[in-house]
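The values are calculated or read from the model by the stated rules, or taken from the named source; none is laboratory data. Fair warning: this is a prediction, and the values are worked out from it, not measured in the lab. As a convention, Cβ positions derive from the backbone with ideal geometry for all residues, glycine included, and neighbour counts pool all protein chains shown. Side chains are part of the model used for accessible areas, which takes the heavy atoms of the whole protein and leaves out ligands, DNA and RNA. Shrake-Rupley method; radii C 1.70, N 1.55, O 1.52, S 1.80 Å.
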Amino acid sequence: MSSSQTTTTPLQRIQQDESEYLMHTYGRQPVALAHGNGVYVTDVDGREHIDLVGGIAVNVLGHTAPAVRAALEHQSSELIHTSNLYYTVPQIDLARLLVESSFKSRVFFCNSGAEANETAIKIARKWGQKRRSGAYKIVVAHNAFHGRTLASLAATGTEKYQQPFTPMPEGFVHVPYDDIDAVRDAVDDQTVAVMMEPVQGESGVVPMRDETLRELRALCDERDLLLILDEVQTGMGRTGRWWAHQHAGVTPDVMTVAKGLGGGVPIGAVLAAPRADVLEPGDHGCTFGGNPLATAVGGAVMREIEQQGLMDNAQRVGAHLQAALLALRDGGKPIESVRGRGLMLAVVLSQDIAPRVGRAGLETGVIVNAIGTRVLRMVPPLILTEAQADEAVRRLSAAFDIAMTEGGA
């Protein structure tokens, strides 16, 4: 090989092919993941990482979970897809599990959180026609994230996401998060629903106070509105209960679910309580929604969470991880606070180095998600142990050292 020739690494080859063949819709981290096991993933260069992102709250049972693999193997040998023109048992089985874990309702299945939220919006629109003389406005929060389809994007309300695709569908009124007075002031005769996340995920794991959630329920009852809760990221045991709203002791009229429901297999769902259960044949549909393969896996995931006590684990290990992260602050790392619930946490930094810490983590063997310049999000598999959490924090500490050196901190 001549001195002018250079060796292309596996990662570089993948980056070149990605640039040529895939739309440039993602700002990817400089790592290509090859295989995983539990809370660990290994990249194409053979480096092992503790994954504290878990596919963004998706891999609740970890990577290549035995329960997921077994359900895929069994159901794929029986029946993969039929369409919703026919009954299938796995779909009914999963719907029963969802209802039993939450509140009296009926379920619509789709493929993603954005689709689930679109469905919830359609439910609210039709309910407004039937119950509130055509009312259609939905009160939502600043810094929310409900998806990237047009209506869910309009509900999201973040200008950087909306700007390239304006005009947005009308009917969404944005108010400050966790502010019951702002919601109350925004409600008028054209309002049909309030749609909120119990914990805002994409904006940096910002929890709503339980008291505010209870006040939202009371306001919706008082003004005859639907309470829609987006539990796409907060659900499936992540906060230590099946659904984050259960900490506050309230019941929504509509709840949206996705991410962790399939343990890595795409699936979404919407639960509508009797007063909100207004969709009829022809109103809505989804070709792949609730197919036997996805719902069989979803059922296996829910049973595994219950049988393995993973909600209790999320509470216990989440508290342990939070304490270990705060100990880093006591050791001199630029950490301002740690917020969240269960295994849905954010490390708030006192310096603008979150992206650098995230990249350095790929060198030290821990995967975290930088949100903006001062927040590190952690939504790991619910199987994370205290020992694994401690090791992840040690690796994160080393990542801080690298990031602070690079920045001259």
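From the phi angles alone, apply the Karplus equation (6.51, -1.76, 1.60; θ = phi - 60°) to region 188-203 and give each ³J(HN,Hα) in whole Hz, x where the residue is Gly or Pro.
Taking θ as phi minus 60°, the curve returns 9, 5, 8, 7, 10, 7, 10, 10, 9, 9, x, 9, 6, x, 5, 8 Hz for region 188-203.
Highest mean first, how do 152-164, 110-122 rank when packing is the count of other Cβ atoms within 10 Å averaged over residues? Display every interim value, and only then the final one.
On the way: 152-164: 16.8, 110-122: 25.2.
Sorting 152-164, 110-122 by mean packing, highest first, produces 110-122, 152-164.
Quick one: compute the contact order of the chain, relative version, from alpha carbon pairs under 8 angstrom and 6+ residues apart, as a percent.
21 percent
Taking a cut-off of 30 Å between Cα atoms, list the lysines near K122, but don't count ones fewer than 8 places away on the same chain.
K104, K130, K137, K160, K259
Straight distance only, please: which aspartates and glutamates reach the Cα of K126 with their own Cα at less than 19 Å, same-chain residues fewer than 8 apart left out?
In chain and number order, the partners are E115, E118, E170, D188, D189, D221, D224, D230, D253, D277, E280, D283.
To check you understand DSSP bridge types, tell me what percent of the beta bridges within the chain (both residues inside) are antiparallel, rounded to 5.
Bridges in the chain are about 65 percent antiparallel.
Accessible area per residue, 1.4 Å probe, Å², for region 131-197: what's the number?
On a per-residue basis, region 131-197 sits at 47 Å².
Taking 0.36 nm per residue of sequence separation and subtracting the Cα-Cα distance, how much length would be gained by fully extending the chain between S337 and Q190, in nm to one decimal?
48.9 nm
State the dimensionless ratio Rg/Rh of region 199-287 (Rg: radius of gyration of Cα atoms; Rh: Kirkwood radius).
Reported Rg/Rh, Kirkwood definition of Rh: 0.99.
Relative contact order (percent) for region 336-409, with alpha-carbon contacts under 8 angstrom and 6 or more residues of separation? If you can, show how the numbers build up before the last one.
Working: 103 pairs, mean separation 24.2, N = 74.
It rounds to 33 percent for region 336-409.
State the extension gain, in nm to one decimal, for the chain segment bounded by H35 and R223, taking 0.36 nm per residue of separation less the distance between their alpha-carbons.
On the way: separation 188, 0.36 × 188 = 67.68 nm, distance 5.12 nm.
Gain on stretching H35 to R223: 62.6 nm.
Under 1.5 on a/c is rounded, so check that first for region 8-58, then, if it is not, pick prolate when a/b is larger than b/c and oblate when it is not; a ≥ b ≥ c are the square roots of the alpha carbon gyration tensor eigenvalues.
The shape class here is oblate.
What distance in nm separates the simple spin-label points at R106 and D283, each placed 7 Å from Cα in the Cβ direction?
The answer from the label model is 0.9 nm.
Among M302, V250, G268, pick out the residue whose Cα is farthest towards the positive end of the charge dipole of region 195-319, where Lys and Arg carry +1 and Asp and Glu carry -1 on C-beta, about the Cα centre.
About the Cα centre, the residue reaching furthest to the positive side is M302.
Would you mind pulling out the separation of the Cα centroids of region 292-353 and region 134-189, in Å?
28 Å
Classify region 129-229 from the C-alpha gyration tensor, please: rounded if a/c falls under 1.5, else prolate or oblate depending on whether a/b exceeds b/c.
Because a/c hits 1.5 or more and a/b fails to exceed b/c, region 129-229 counts as oblate.
Assuming R0 = 60 Å, can you tell me the calculated FRET efficiency for the pair Q129 and T405, based on Cβ-Cβ distance, to the nearest 0.05?
E between Q129 and T405, to the nearest 0.05, is 0.50.
Using the basic label-point model (7 angstrom from Cα toward the beta carbon), what is the E170 to T385 distance in nanometres?
5.9 nm
Non-local amide H neighbours of I335 (under 5 Å, H modeled in plane, Pro and chain starts lacking H): which ones?
Counting only residues 5 or more places away or on other chains, the set is S350.
Could you go through region 48-54 in sequence order and give the Karplus-derived ³J(HN,Hα) for each residue, using 6.51 cos²θ - 1.76 cosθ + 1.60 with θ = phi - 60°, rounded to whole Hz, and x for Gly and Pro?
8, 10, 7, 8, 9, 10, x
Express the relative contact order of region 244-366 as a whole percentage, based on alpha carbon pairs under 8 Å and six or more residues apart in sequence.
Values: 99 pairs, mean separation 18.4, N = 123.
Relative contact order of region 244-366: 15 percent.
Could you check how much of the accessible area of the chain is carbon and sulfur, as a whole percent, using a 1.4 Å probe?
50 percent
Residues with amide H under 5 Å of G268's amide H, sequence separation 5 or more or different chain, H placed in the peptide plane at 1.01 Å from N; which?
Result for G268 returns C110, N111, S112, G290.
Please give the peptides 33-44, 81-92, 242-253, 258-269 ranked by average Cβ packing (other Cβ atoms within 10 Å per residue), highest first, as a rough proxy for protection.
Per-residue Cβ counts within 10 Å, averaged per peptide and sorted highest first, yield 258-269, 242-253, 33-44, 81-92.
How would you rank 324-333, 47-56, 17-26, 197-206, highest first, on the average number of other Cβ atoms within 10 Å across their residues?
Answer by packing, highest mean first, reads 197-206, 47-56, 324-333, 17-26.
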